[in-house]
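Report on the following structure.
Please treat every number below as a calculation from the coordinates, not as lab data. Just so it is clear, the model here is predicted, and its values are computed rather than measured. Note that we place each Cβ from the backbone using ideal geometry, even for glycine, and neighbour counts take in every protein chain shown.
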Amino acid sequence: MEKIIVLGTGTASVTENFNTCFVLEDSNGEFLLVDTGGGNGILRQLKKAGIDLNNIHNIFLSHKHIDHLYGLLWIYRFVDLSMRKGTYEGNLNIYCHEEVAKIIRDQIHILLRKEQQIYLDKRIFINIVNNHDKVKVLNYKLEILDILAKSDKQYGFKTTLNNGKTLTFLGDEPLDEKLYNDVRNIDYLLHESFCLESESSKYKPREKNHDTVKSASIKAQSVGAKNLVLWHTQENLGQSRKEEYIKEAKENFRGNIYVPNDLDEIIL
């Protein structure tokens, strides 16, 4: 059974939940971690989700923003420790674009001791990927997508699941019209939604290169997506966030709508 295990759903500024990142679990029970949050909270979220860090062997990083990248250093540190103890089997593969790869290497060399760097390029590999590369990860073939981000360079991906359904991850900027043909009729569209349309004047999502629920759902309907996952959101609505987001999305999107909370699971 394939599923998404949601580790976090929030933007960079949240305090009550974790930054948006998730695990894609394949039909063999193996994991692809997508983004890593902004710090060592990623270790707590994995533990809460019942995922042993020693079973994480593949990580995809979308871009360099701190709320997506910085948890990687903590994962690296603990994987390195497990390797030195002999409790981590196999290798760790990290997939990212060239700029992110350089940042990771620089931070490892600056912040970690020399003995914590001995497995870099030996058992811990930083794999540079480019737009439209097709990369074999687990038993998936990920097609890398440059999402044409307005701020910093950012990659997502699309893939066909083991069950034959298709899935696209778009990082944390809105779906660009130039990518519509790449994601048309996708089964699962994973899209950021900073706030409700009615909150635009307060939160100014478009000034931050983000989308509203209304705008994201209109785009999902335009490309014929069957399921829409909305995350990378504000905390302002508290417990009513899911209800309010689904209500607004339903006004513009006819498929299934998911507005997960941290640690929710989505069966694919």
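Quick notes
- Residues of segment 45-60 with amide N under 14 Å of a point placed 7 Å along Cα→Cβ from K141: none
- Bridges between two residues of segment 3-43, per DSSP, are antiparallel at a rate of about 90%.
- Label-to-label distance, S240 versus I267, with points set 7 angstrom from Cα along the beta-carbon direction: 3.1 nm.
- Remark: C-alpha extents of segment 1-122 on the principal axes read 35, 33, 24 Å, sorted largest to smallest.
- Amide H to amide H distances under 5 Å link L7 with C21, F22, V23, L263, where only residues 5 or more positions off or on other chains count and H is placed in the peptide plane.
- Under a 5 Å amide H cut-off, with hydrogens placed 1.01 Å from N, N58 pairs with L33, N93 among residues at least 5 apart or on other chains.
- Among 190-196, 44-50, sorting by the average number of other beta carbon atoms lying within 10 angstrom of each residue, highest first, gives 190-196, 44-50.
- Candidate values [x] 18.8, 57; [y] 17.9, 52; [z] 17.8, 56 were compared with Rg and Dmax of the Cα atoms in Å computed on the shown model; the agreeing label is [z].
- Distance from the alpha carbon centroid of segment 241-257 to that of segment 108-185 works out to 27 angstrom.
- Extension gain for the segment T160 to E98, taken as residue separation times 0.36 nm less the Cα-Cα distance, is 19.8 nm to one decimal.
- Semi-axis lengths (Å, descending) of the ellipsoid that matches the C-alpha gyration tensor of segment 187-249: 19, 13, 9
- Its Cα centre serving as origin, segment 3-267 has a Cβ charge dipole (Lys and Arg +1, Asp and Glu -1) of approximately 380 debye.
- Protection proxy ranking of 63-73, 81-91 - average other beta-carbon atoms within 10 Å, highest first: 63-73, 81-91
- Couplings for segment 25-41, taken from phi via the Karplus curve 6.51 cos²θ - 1.76 cosθ + 1.60 with θ = phi - 60°, read 9, 8, 6, 9, x, 9, 10, 10, 8, 10, 6, 9, x, x, x, 6, x Hz in order; Gly and Pro are left as x.
- Counting every other Cβ atom within 10 Å of each residue's Cβ, F18, F78 order from fewest to most as F78, F18.
- The residues C96, C21, when put in order of fewest to most other Cβ atoms within 10 Å, stand as C96, C21.
- By average C-beta atoms within 10 angstrom, highest first, the peptides 137-143, 3-9, 22-28, 119-125: 3-9, 22-28, 137-143, 119-125
- At R0 = 22 Å, FRET efficiency that the Cβ-Cβ distance of N131 and S13 yields, to 0.05: 0.15
- Estimated inter-spin distance, K204 and S82, nm [label 7 Å along Cα→Cβ]: 4.2
- A simple count of charges around Q107, restricted to other residues whose Cβ falls under 12 Å of its Cβ and scoring Lys, Arg +1 and Asp, Glu -1, yields +3.
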